[in-house]
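The structure under discussion appears below in the form of structure tokens.
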Amino acid sequence: MWKAVRVGAAAVLAAALAVTAAGCGSDEPAASDEKVTLSYAVWDKNQVPVMEEIAAAFTKDHPNITINVQLTPWADYWTKLRAAVTGGAAPDVFWMNGPNIQLYADNGVIMPLSDKIDQAKLDLTVYPKALVDLYTFEGKVYGLPKDFDTVGVWYNKELFDAAAVKYPADGWTWADFKAAAAKLSNPAKGVYAVGANLAGQEYYYNTIYQAGGNVISADGKKSGFDDPATVEGLRFWTDLIKNKQSPDLKTMTDTAPLQLFESGKLAMYWGGSWNVSEFGKNEYTKTRVDAAPLPTGVKQATIIHGLANVVSAKTKAPAQAWEFVKFLGSKPAADILGKKGPIPAYTGTQDAWLAANAQFKGKVFLDAVSYAVPYPVSRNTAAWNDEEFKQLTKAYTGEVTVEAAAKELATQMNALLAKE
Amino acid sequence: MTATVTGAADDVRTAVPAPVPARRRRRWRHRGAEAAWGYLLIAPTGLGLAVFYLWPVLQTGYFSFTEWGPFGGHEWVGLDNYRTLAADDEVLTSLRNTVAYTLLGLLGIPLAVLFAALLNRPRLRGVSAYRALFFLPVVTMPVAVAMVWRWLYNGDYGLINYLLSLVGVEGPHWIADPATALYALVAVGIWTSLGYNIVIFLAGMQAIPREYYEAAAIDGAGALAQFRRITLPLLSPSLFFVSVLSVIGSLQLFDLVYVMGGSGQSARANPAFPRIQTVVHLFYDKAFYTNDRGYAAAIVMALLVLIVTLTAIQFRLQKRWVHYG
């Protein structure tokens, strides 16, 4: 025991020295003779290899900086990150998303990058403006866009052929979708048209905007769930469950829609452009599925979102961390990412992504940018996101009507927004 | 009922009050070198307990009167958390679930006694194989156990429903159906703790002198009468010990619910979740998912009071039915 304590004390002392050392050279570029290991937290296991490849490319140019890519699965990522930040053990560099950026920026957890961007004379117009705006908080940029994604319909050609239904294509509508759903479903065999997953980004946010509704007002102050058009967007999904064209929540709790789709039990899967790597690798989906745009409701809409790389405000090596984030946002990194990962955010590198995923109609996701709606966020998005799941579960199980659930949700959400 | 059982074992065993002879008590007055050595010897454990158990408990007590920011930092809010707690439906539901789980979990005790009695039969073949089989779930990681059961319980592709379908029964979605979820969890809880309880009861049974049974047999007592009049009364200390552990373990149930029922977003989308959420899971949810740490502390303090009260009651009642030696 005493030995452990002594070793521990030595480690603390060493860490303290490291802090002092880092503190001395904080404003200068990375001290060249100093060995540093940066932790880089990510949540997508499909992207771990490509992130490691990019990290290796970076270390080649910066031999003194090694990158430790740390995977935390999506389900626990934010829980773990918050606990790590609270405990003073946040990773140096990590993935950030739209729902969380304002909360992290507002609480000083991540470092504003605007000054460093100016110093390095970086041009931010190489990224889609919607993404730069998403990661700008109170006039300062907090993250460099990494990738972007839009939502489309992944469909199983085999099941479409078996039911003699035409493949979805450009310009198809809600009516087309519903007609196809009716033909594709065969509950007796456990085959359904689509899984009405209780998820915003790939599912009900899209239909809400397609129905002409909204999730949150443009100024981020008022909930849109009491808008009758929004309710129609939600009813799109509850009707599918009611008509047995989607498995119910019980089935989807036991087996996730993605697994159902990958085992030929769902004819369609509403998913993102990020699914290419998963579907490209999976033996079943590799040859059987393809992508189509989302059906048009009152209007055409898809949710666009993208991740950014951010730097912890408490990192012990801010100069090195910034160097790494700068590289992650650069064209060489985007070129590697496009070949093996999601759609890179850097303009002009998307063709590599299309070429790398030529077996799917990837252009669907790039074309969708023209009618895409930004992911709805506010300062504390997570708080009302949680309320969405709590209230909408009741509507999806049929315990309460969609109208009642949406109304209650709007009330709760407005109360939370008022507290922000 | 799973991981917590083994963790709490030592504490409770030492907590069972052994009758203190009067002569011993007198000797306590002579504080001297002997006492100093005693304190020195328990110091490492005492220190560990103080640092890793007592201090966090005190801190949690303090935090229950505070409100936390999203990334730490807290301010004093007095009794606010406790006021919210008293009016919170979620707390009430999870409390009801926990109590239901605890009561149903007690059914595992007669089951364990039964198995222990069977395993204790003198001429049973392959007895060590049986004992190993029953004990296996105890030494298996609770999360692994929960994962496997999750698959077994799957409504569409699980083994249980497949077997039921062979006899023409359409099984429910065990852990996603509000009507079955709690019972499905209880079954796993009993299954995991069965082996541990059997071992305790076996030890208890083997400590009963053979002569009692021989004497009873001579007096004409049958097997059932022997079990009722000899085994059960002399097993009562073990019964008491196991019931205290079982109650504490059930009240602290978390891992099974977390893995089988879900957490955070996946828990919200599980229609059965309101029927299986336990107090400790609610505490976790508030502390780490919705990041309401002060309120979470208040929930867990309420649980502490509940556990202390129930255990105190059990210790009170034991005087009526537990026979030592």
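The values are calculated or read from the model by the stated rules, or taken from the named source; none is laboratory data. Just so it is clear, the structure is predicted and the values come from calculations on it, not from any experiment. Using ideal geometry, Cβ is built from the backbone for each residue, glycine included, and neighbour counts are taken over all protein chains shown. For the accessible areas, the whole protein counts, side chains as well, though only heavy atoms, and no ligand, DNA or RNA atoms are used. Shrake-Rupley method; radii C 1.70, N 1.55, O 1.52, S 1.80 Å.
As a test of the formula, what do you get for chain A when each DSSP H run with n ≥ 4 contributes -39,500 (n - 2.57) and the sum is divided by the residue count, at 222 nm and rounded to the nearest 500 deg cm²/dmol?
Numbers: 20 runs with 199 residues, N = 420.
Calculated at 222 nm, the ellipticity per residue is -14000 deg cm²/dmol.
Using the beta-carbon distance between A:Ala89 and A:Ser217 and R0 = 30 Å, what value does 1/(1 + (r/R0)^6) give for FRET efficiency, to the nearest 0.05?
0.20
What list of ³J(HN,Hα) values in whole Hz, one per residue of the range B:193-206 in order, does the Karplus curve 6.51 cos²θ - 1.76 cosθ + 1.60 (θ = phi - 60°) give from phi, with Gly and Pro shown as x?
8, 4, x, 5, 4, 4, 4, 4, 5, 4, 4, x, 5, 6
Accessible area drop of at least 30 Å² (1.4 Å probe, protein heavy atoms): which residues of the range A:383-413 qualify, relative to the chain alone?
By number: A:Asp386, A:Phe389, A:Lys390, A:Thr393.
Of A:Lys183/A:Lys390; A:Lys45/A:Lys80; A:Lys157/A:Lys265; A:Lys121/A:Lys316, which ones are farther than 21 Å apart at the Cα? List each step's numbers first, then the result.
On the way: A:Lys183/A:Lys390 32 Å; A:Lys45/A:Lys80 16 Å; A:Lys157/A:Lys265 12 Å; A:Lys121/A:Lys316 24 Å.
Pairs exceeding 21 Å: A:Lys183/A:Lys390; A:Lys121/A:Lys316.
Assuming 1.002 mPa s and 20 °C, estimate D for the protein assembly as shown with Stokes-Einstein, Rh taken as the Kirkwood radius over Cα pairs, in µm²/s. Let's see the in-between values first.
Values: Rh = 29.6 Å.
Once the numbers are plugged in, D ends up at 72 µm²/s.
Only Cα pairs within less than 10 Å get springs; with that Gaussian network setup on chain A, which residue of A:Ala319, A:Ala406, A:Ala345 has the largest fluctuation?
Fluctuation is largest for A:Ala319.
Could you tell me what percent of the DSSP beta bridges with both partners in chain A are antiparallel, to the nearest 5? Kindly include the intermediate steps, with their values, before the conclusion.
On the way: 23 of 38 bridges.
Of all bridge pairs located within chain A, approximately 60 percent are antiparallel.
Accessible area per residue, 1.4 Å probe, Å², for the range A:230-380: what's the number? Before the final figure, lay out the partial values.
Details: 5230 Å² over 151 residues.
Per residue, the range A:230-380 has an accessible area of 35 Å².
Would you mind telling me which residue in B:Val57, B:Val242, B:Val91 has the biggest mean-square fluctuation in a Gaussian network model of chain B, where springs connect alpha carbons within a distance under 10 angstrom?
B:Val57
If you take the accessible area of B alone plus A alone and subtract the pair, what total do you get in square angstrom, rounded to 100, with a 1.4 Å probe? Working shown, then result.
Numbers: alone 19650 and 19030 Å², together 36340 Å².
Its buried surface, counting both partners, is about 2300 Å².
Ranked by accessible surface with a 1.4 Å probe, highest first, in what order do A:Trp95, A:Trp43 come?
A:Trp43, A:Trp95
Percent relative contact order of chain A, based on C-alpha pairs within less than 8 angstrom and at least six residues apart? Could the numbers behind the result be given before it?
Working: 721 pairs, mean separation 100.6, N = 420.
After rounding, I find 24 percent.
What whole-number distance in Å separates the alpha-carbon centres of the range B:290-325 and the range A:144-191?
The distance from the Cα centre of the range B:290-325 to that of the range A:144-191 comes to 54 Å.
Convert each backbone phi in the range A:257-271 into a coupling constant with the Karplus relation 6.51 cos²θ - 1.76 cosθ + 1.60 (shift: θ = phi - 60°), then list the ³J(HN,Hα) values in order as whole Hz, x for Gly and Pro.
x, 4, 5, 4, 5, 6, 10, x, 9, 10, 6, 9, 9, 7, x
Please state, rounded to one decimal and in Å, the Kirkwood hydrodynamic radius that chain A gives when every pair of distinct Cα atoms enters the mean of 1/r.
Numbers: mean 1/r = 0.0437 Å⁻¹.
Taking every pair of different Cα atoms in chain A, averaging 1/r and inverting gives 22.9 Å.
Hey, what does the equivalent ellipsoid look like for the range A:211-250, semi-axes from the Cα gyration tensor as sqrt of 5 times each eigenvalue, largest first, whole Å?
On the way: eigenvalues 135, 20, 8 Å².
Sorted largest first and rounded, they come to 26, 10, 6 Å.
Once you keep just the Cα pairs under 8 angstrom separated by 6 or more residues, what percentage relative contact order results for the range A:72-211?
Values: 75 pairs, mean separation 18.3, N = 140.
RCO, the range A:72-211: 13 percent.
Compute accessible area for the range A:51-80 by itself and then with all protein chains, 1.4 Å probe, and report residues whose area falls by 10 Å² or more.
Residues passing the criterion (a loss of at least 10 Å², heavy atoms only) are A:Trp74, A:Asp76, A:Thr79.
For the protein assembly as shown, what % of the accessible area comes from carbon and sulfur atoms, probe 1.4 Å? If you can, show how the numbers build up before the last one.
Values: 22210 of 36340 Å².
Summing carbon and sulfur atoms, their accessible area is 61 percent of the total for the protein assembly as shown.
Relative to 2.2 N^0.38 Å, what does the C-alpha radius of gyration of chain B come to as a ratio? Two decimals please. If you can, show how the numbers build up before the last one.
Numbers: Rg = 23.3 Å, N = 325, 2.2 N^0.38 = 19.8 Å.
Expressed relative to 2.2 N^0.38 Å, the Cα Rg reads 1.18.
In debye, nearest 20: dipole of the protein assembly as shown around its Cα centre with unit charges on the Cβ of K, R (+) and D, E (-)? Numbers along the way, then the final one.
Details: 66 positive and 63 negative charges, 681 e Å.
Computed charge dipole of the protein assembly as shown: roughly 3280 debye.
Please list the equivalent ellipsoid semi-axes of the range A:368-420, computed as the square roots of five times the alpha-carbon gyration tensor eigenvalues, in descending order and whole angstrom. Please report the intermediate quantities before stating the final value.
Values: eigenvalues 96, 60, 16 Å².
Calculated on Cα positions only, the semi-axes equal 22, 17, 9 Å.
Residues of the range B:206-325: accessible area per residue at 1.4 Å, in Å²?
Numbers: 5410 Å² over 120 residues.
Normalised by residue count, the accessible surface of the range B:206-325 is 45 Å².
Amide H of A:Gly224: which non-local residues (sequence gap of 5 or more, or other chain) have their own amide H closer than 5 Å, using H built in the peptide plane?
A:Ile216, A:Ser217
Determine the shape class of the range A:292-401: with a ≥ b ≥ c the square roots of the Cα gyration tensor eigenvalues, call it rounded for a/c under 1.5, and otherwise prolate if a/b is greater than b/c, oblate otherwise. Each step should come with its number before you reach the end.
Values: a/c = 2.82, a/b = 1.27, b/c = 2.21.
Since a/c reaches 1.5 but b/c is at least a/b, the shape of the range A:292-401 is classed as oblate.
From the phi angles alone, apply the Karplus equation (6.51, -1.76, 1.60; θ = phi - 60°) to the range A:206-211 and give each ³J(HN,Hα) in whole Hz, x where the residue is Gly or Pro.
4, 5, 4, 6, 5, 7
Among A:233-246, B:188-201, A:57-70, B:212-225, what's the highest-first ranking by average C-beta atoms within 10 angstrom per residue? Intermediate results must be reported in sequence, preceding the final value.
Numbers: A:233-246: 20.6, B:188-201: 22.6, A:57-70: 15.6, B:212-225: 11.8.
Going from most to least packed, we get B:188-201, A:233-246, A:57-70, B:212-225.
Amide H neighbours of A:Ile303 under 5 Å, at least 5 residues apart or on other chains, H built in the peptide plane: list them.
Excluding prolines and chain starts, which carry no amide H, the hits are A:Val151, A:Val373.
For the range B:202-294, rounded, prolate or oblate, judged on the Cα gyration tensor with a ≥ b ≥ c (square roots of eigenvalues), a/c < 1.5 rounded, else prolate if a/b > b/c?
Details: a/c = 5.67, a/b = 3.62, b/c = 1.56.
Cα axes put the range B:202-294 in the prolate bin.
Which residues, if any, in the range A:230-255 lose at least 30 square angstrom of accessible heavy-atom surface (probe 1.4 Å) when the other protein chains sit next to their chain rather than the chain being alone?
In the range A:230-255, residues shielded by partner chains: A:Lys250, A:Thr251, A:Thr253, A:Asp254, A:Thr255.
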